[in-house]
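**Student:** Below is one structure. I have some questions about it.
The values are calculated or read from the model by the stated rules, or taken from the named source; none is laboratory data. Small disclaimer: the values here were computed from a predicted structure and weren't measured. Note that we place each Cβ from the backbone using ideal geometry, even for glycine, and neighbour counts take in every protein chain shown. When the accessible area is computed, the model is the full protein with side chains, heavy atoms only, and any ligands, DNA or RNA have been set aside. Shrake-Rupley method; radii C 1.70, N 1.55, O 1.52, S 1.80 Å.
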Amino acid sequence: MNELLNLLKQNALESPENLAKMLGVSVDEVKKQIADFEKEGVIRAYQAVVNEEKLDASLVTTVIEVKVTPESEGGFDRIADRISKFPEVDSCFLMSGGFDLLLFIKGRSMQDSFRFVSDKLSTMPGVTSTATHFMMKAYKQNGIVMNTGDDDERLKVSP
Amino acid sequence: MSDSKSLHSKISKVVHEIPRSGIRDFFDIVSSREDVISLGIGEPDFVTPWHIREAATLALERGQTSYTSNMGLLSLRRGISQYVEKKTGIRYVPEEEVLVTVGVSEGLDLAVRALVEPGDEVLYHEPSYVSYNPLIQFAYGKPVAIQTRKENGFRLTRQDLEQNVSEKTKVLLLNYPNNPTGVALSKADVEDIAAFAIEHDLIVLTDEIYDELTYDKEHYSVISVPGMRERTIYLHGFSKAWAMTGFRMGFTCAPPELTEAMMKIHQYTMLCAPILSQEASVEALRSSDADIAYMKAEYKKRRNYIHSSFEEMGIPCIYPDGAFYAFADISKFGMTSQEFALHLLDEQNVACVPGTAFGACGEGFIRCSYATSLEEIKEAMVRIARFIEKL
């Protein structure tokens, strides 16, 4: 992957000045590349990776396997688009294997997720079955290990 | 019972007379303080890649807790032989020319002790890694430090060598990319030095522990120069590029006579390297290209950052071709490097190592390691800028 994108994936708040220093290019060059990536849709958004366990009221994440009947025109795309538009749906992927779509749902409680599945998802035309799993704990998310015992035990000065 | 004074008098003269490392002195001061940002650490801040740690764990689970052959596991020596051949084009026979040691530190000690007799002179270049001079003295040799100069970019030249060689010179010790300057040598530089070694019939010890961490150009080993394999002990290890300092794994490659001599000392002192570390190293050689590339890319970003930050502050910095150190020229502030480092620590809680810890010609410089997180480096640079504003 492009080096600039790698750096932004690690820290999207990194200043163009620091990025330029690290990459050995000019600040203007960094700004231009970022603008180009945004314009081309390579960079879709900037987000924080949140360790929700640290929050008092953490959200419940639910993982749902969905089987659907593909439509004659549009295949899986149309129904996947419709499902993705629900604000509860955090992510939606088309999968190979025993089911078709994999959804990640965020809700304030298990009841929230249950209501979404029973009231909205299961009743959609084309959805033939669902299997719901509640996520217990995130150990690693978006490439970030969530809880590291990362105390630096190295000597403060060494050869 | 002896009192401390009489015990003191019983300590070997050579040990007694060698001063403690300058780094060690500075370490004592830094250790006593809280919340220090340290640019003084000469080891990777990365944890050993997971698959390598797994190999050590698996070896432990299998109950591999025995000694190994003095030379090291044959599977490891084969891996080392292939690795060195791939990098340098030079093949060493695993059975008789590769010796597994406890870190490069042991390899160096073995090499020096295997060669040096009382009074033999050993040429080495300063600024240098802190162990070279004492190791030569422990072997009752005479260290001859060649003072490289900032005007020369701290590169060792043939002229420097010619000015320091004598009838008693037996060994030349090289370390490129260099700790503490980060300087690497060009192919032409290496060929010049090799020609000198051949002409004066010297044995060369080449410490290439940082060779994988060369950022902009290809590393060229002195063993690749025709005529050098026969007179060189190649020293390398897993600490830096594989982030395996705590495994204490190194190796030497040398002609059979020299390897046998080193092995003799090794078998009576260390016996063998730890088997778990050896198993981890077998795995490290088997599949670590991506890990090394990743860590190298991270160091390169930090190298660029720290170098341009110093330059922007008006502090000239020797361009670090490799390793993970920036050697910054603070001579214009009218302080010794020790004073500068101590004041910086006192006023801004940033630790770096005074250049004089690496030899007299390091005066006027500080060594800043960038084997620490980018966040810490950024904060350290802000603090250094704040510090020099008041000078």
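**Student:** Looking at the structure I just gave you, is B:GLY103 on the phi > 0 side of the Ramachandran plot and among the small types (Gly, Ala, Ser)?
**Tutor:** Considered against the rule, which asks whether it is on the phi > 0 side of the Ramachandran plot and among the small types (Gly, Ala, Ser), B:GLY103 comes out as yes.
**Student:** Okay, next question. Restricting to region B:19-40, what's the tally of residues that are at the interface with chain A (Cβ under 9 Å from one of its Cβ atoms) and at positive phi?
**Tutor:** 0
**Student:** Which one of A:SER109, A:SER122 is hydroxyl-bearing (Ser, Thr, Tyr), surrounded by 11 or more Cβ atoms within 10 Å (Cβ to Cβ), in the same structural domain as A:GLU65 (by TED's automatic domain parsing) and over 19 Å from A:GLY75 (Cα atoms)?
**Tutor:** Result: A:SER109 is the single residue among A:SER109, A:SER122 that is hydroxyl-bearing (Ser, Thr, Tyr), surrounded by 11 or more Cβ atoms within 10 Å (Cβ to Cβ), in the same structural domain as A:GLU65 (by TED's automatic domain parsing) and over 19 Å from A:GLY75 (Cα atoms).
**Student:** Checking B:THR48 against (1) within 30 Å of B:SER369 (Cα to Cα); (2) open to solvent by 40 Å² or more (accessible area, probe 1.4 Å); (3) more than 10 Å from every other protein chain (Cβ to nearest Cβ); (4) in a loop (DSSP other than H, G, I, E, B), only one condition comes out false. Which one?
**Tutor:** (2)
**Student:** Also, I was wondering about something else. Taking region A:118-159 as the region of interest, how many residues are on the phi > 0 side of the Ramachandran plot and within 14 Å of chain B (Cβ to nearest Cβ)?
**Tutor:** Counting residues in region A:118-159 that are on the phi > 0 side of the Ramachandran plot and within 14 Å of chain B (Cβ to nearest Cβ) gives 1.
**Student:** Moving to a separate point now. Considering only residues that are more than 14 Å from chain A (Cβ to nearest Cβ) and of a type in the set (Gly, Ala, Ser), look in region B:272-304 and name the one that is nearest to B:GLY322 (Cα to Cα).
**Tutor:** Filtering region B:272-304 for residues that are more than 14 Å from chain A (Cβ to nearest Cβ) and of a type in the set (Gly, Ala, Ser), the one nearest to B:GLY322 (Cα to Cα) comes out as B:SER288.
A quick yes/no check of all residues on (1) without any contact (Cβ under 8 Å) to a residue 60 or more places away in the chain; (2) open to solvent by 90 Å² or more (accessible area, probe 1.4 Å); (3) touching a Ser or Thr at 6+ places or on another chain (Cβ under 9 Å):
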site: B:LEU7; (1), (2), (3): yes, yes, no
site: B:SER12; (1), (2), (3): yes, no, no
site: B:ILE23; (1), (2), (3): no, no, yes
site: B:ASP28; (1), (2), (3): yes, no, no
site: B:GLU34; (1), (2), (3): yes, yes, no
site: B:GLY40; (1), (2), (3): no, no, yes
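**Student:** Which fully enclosed strands (runs of 3 or more DSSP E) of region B:57-154 have 3 or more residues being in contact (Cβ under 8 Å) with a residue 40 or more places away in the chain and over 21 Å from B:ARG248 (Cα atoms)?
**Tutor:** Answer list for region B:57-154: B:121-126.
**Student:** Something else: Among what's in region B:251-271 and is of a type in the set (Ser, Thr, Tyr) and open to solvent by less than 20 Å² (accessible area, probe 1.4 Å), pick the residue that is nearest to the other protein chains (Cβ to nearest Cβ).
**Tutor:** The extreme case among them is B:THR252.
**Student:** While we're on this one: Report, by residue number, each residue of region B:118-149 that is more than 14 Å from chain A (Cβ to nearest Cβ), farther than 19 Å from B:ALA197 by Cβ and within 20 Å of the chain's Cα centre (by Cα).
**Tutor:** Hits for region B:118-149 are B:GLN137, B:PHE138, B:ALA139, B:GLN147, B:ARG149.
**Student:** Is it the case, given these coordinates, that B:PHE358 is over 30 Å from A:GLN10 (Cα atoms) and within 14 Å of chain A (Cβ to nearest Cβ)?
**Tutor:** In short, yes.
**Student:** Among the candidates B:PHE387, B:PHE327, B:PHE340, which residue alone is away from chain A (no Cβ under 12 Å), open to solvent by less than 20 Å² (accessible area, probe 1.4 Å) and not in a helix (DSSP H, G or I)?
**Tutor:** B:PHE327
A quick yes/no check of all residues on (1) away from chain B (no Cβ under 11 Å); (2) open to solvent by 70 Å² or more (accessible area, probe 1.4 Å):
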site: A:ASN2; (1), (2): yes, no
site: A:GLN10; (1), (2): no, yes
site: A:LEU13; (1), (2): yes, yes
site: A:LYS31; (1), (2): yes, yes
site: A:ILE34; (1), (2): yes, no
site: A:GLU40; (1), (2): yes, yes
site: A:VAL50; (1), (2): yes, no
site: A:LEU59; (1), (2): yes, yes
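**Student:** Please find, within region B:187-209, the residue that is farthest from B:THR252 (Cα to Cα) out of those that are open to solvent by 40 Å² or more (accessible area, probe 1.4 Å) and in a loop (DSSP other than H, G, I, E, B).
**Tutor:** It comes out as B:HIS200.
**Student:** Of the numbered conditions (1) within 14 Å of another protein chain (Cβ to nearest Cβ); (2) within 30 Å of A:ALA48 (Cβ to Cβ); (3) of a type in the set (Lys, Arg), A:ARG115 satisfies every one except a single condition; which is it?
**Tutor:** It fails just one condition, (1).
**Student:** Okay, moving on. Residues to consider are B:THR157, B:THR148, B:THR169, B:THR88; find the one that is modelled with pLDDT under 95 and surrounded by 14 or more Cβ atoms within 10 Å (Cβ to Cβ).
**Tutor:** Every option except B:THR157 fails the conditions.
**Student:** Restricting attention to region B:253-275, which residues are in a loop (DSSP other than H, G, I, E, B) and at negative phi?
**Tutor:** Selection gives B:ALA254, B:PRO255, B:MET270, B:CYS272, B:ALA273, B:PRO274.
**Student:** Please go through region B:157-179 and pick out each residue that is over 28 Å from B:PRO118 (Cβ atoms) and outside any loop (DSSP other than H, G, I, E, B).
**Tutor:** Result: B:ARG158, B:GLN159.
**Student:** Right, here's the next one. Go through (1) open to solvent by 60 Å² or more (accessible area, probe 1.4 Å); (2) under 17 Å from A:ARG78 (Cα atoms); (3) touching a Ser or Thr at 6+ places or on another chain (Cβ under 6 Å) one by one and return the number of the condition A:MET135 breaks.
**Tutor:** Just one mismatch for A:MET135, condition (2).
Residue-wise test of (1) under 27 Å from B:ALA284 (Cβ atoms); (2) part of a loop (DSSP other than H, G, I, E, B).
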position: B:LYS5; (1), (2): no, no
position: B:HIS8; (1), (2): no, no
position: B:VAL15; (1), (2): no, no
position: B:PRO19; (1), (2): no, yes
position: B:ARG24; (1), (2): no, no
position: B:PHE27; (1), (2): no, no
position: B:GLU34; (1), (2): no, yes
position: B:PRO44; (1), (2): yes, yes
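**Student:** If I filter region B:305-324 down to residues being within 11 Å of chain A (Cβ to nearest Cβ) and open to solvent by 40 Å² or more (accessible area, probe 1.4 Å), which single residue comes out as nearest to B:SER66 (Cα to Cα)?
**Tutor:** In this case the residue turns out to be B:GLU311.
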